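Just so it is clear, none of the values below were taken in a lab; they were calculated from the coordinates. Remember, it's a predicted structure, so these values are computed and weren't measured experimentally. For neighbour counting, all protein chains shown are included, and Cβ atoms are generated from backbone atoms with ideal geometry for every residue, glycine included.
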Amino acid sequence: MEFSDLKDLFSDLQKNMEGAIERVRRDIAGVRTGRASVTILDGVQVEAYGSKMPLNQVASLSVPEPTLLMAQPFDQSLISSIEKAIRISDLGLNPMNDGKVLRIPIPSLTDERRKELSRQVHKQAEEGRNNLRQLRRAANEHLKTLLKKKTISEDDERRGLQEVQKITDTHIGIVDGLQEKKDKELLGN
């Protein structure tokens, strides 16, 4: 019985950590480099039909050139709302409206801006590592509770703590890799 409890614990921990990694991956992908990528617009919310909607649900997004994004609204009446949403986002982008599509040039980054974005990536990665550590702490507390209830032996607890640490180390390594990769894109190291 205790083996299945531990197996479930490790499985849940793995799944929760995968979710935390996905959040970090999404956050880091949203940090723009000098190249155009539709993922930098993921956080843009457009006022449409009386509510806020993600940009990719009201427009078709494409990358026709390395330094240009294009947004073609599904409903032409939303073009000014989309333009406004992109302008007020903290991305520093200035879309050009030709009545049918929005052309969004991606300005090249200054060294100062690259360093600022790198700091932002480091902060997001650290938040991800903290989330992973909180998940580890919760799993360790659960193991201690199982030991107190005498559901598992001390040896099972020790092995469980080691397994939790191993899972945590693996996922922290993934976050480190994501951070390192984005830093290379930003700083060219």
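A few points about this structure:
- Of Pro64, Pro73, Pro107, the residue with the greatest mean-square motion in the GNM of the chain, using alpha carbon springs below 10 Å, is Pro64.
- Within the stretch 136-189, the trypsin sites (Lys or Arg not before Pro) that combine a DSSP coil assignment with at most 16 other C-beta atoms in a 10 angstrom radius are Lys149, Lys150.
- When you restrict to C-alpha pairs under 8 Å that are six or more residues apart and normalise by the size of the stretch 40-80, the relative contact order lands at 27 percent.
- For the stretch 123-189, with +1 on Lys and Arg beta carbons and -1 on Asp and Glu, the positive-most of Gln165, His142, Gln124 along the dipole: His142
- Amide H contacts of Ala59 (H built 1.01 Å from N, in plane; Pro and chain starts excluded): Phe74 sit under 5 Å, all sequence-distant by 5 or more or on other chains.
- Potential extension, Glu141-Glu18 segment - 0.36 nm per residue separation minus Cα distance: 42.3 nm
- His171, His142, His122 arranged by Cβ crowding within 10 Å, fewest neighbours leading: His122, His142, His171
- Taking the Cα centre of the chain as reference, the dipole from Cβ charges on Lys and Arg (+1) and Asp and Glu (-1) amounts to some 240 debye.
- Computed from the C-beta positions of Asp75 and Glu112, the FRET efficiency with R₀ = 41 Å rounds to 0.60.
- The stretch 88-159, relative contact order [Cα under 8 Å, separation at least 6], %: 13
- Taking the three principal axes of the alpha carbon atoms in the chain, the coordinate ranges are 70, 42, 23 Å, sorted in descending order.
- Annotation: the residues Thr67, Thr168, sorted from fewest to most other C-beta atoms within 10 Å of their own C-beta, follow the order Thr67, Thr168.
- Using bins of 5 Å that start at zero, the share of Cα-Cα pairs per bin across the stretch 97-189 amounts to 3, 12, 15, 13, 10, 9, 10, 8, 6, 5, 4, 3, 2, 1, 0, in whole %.
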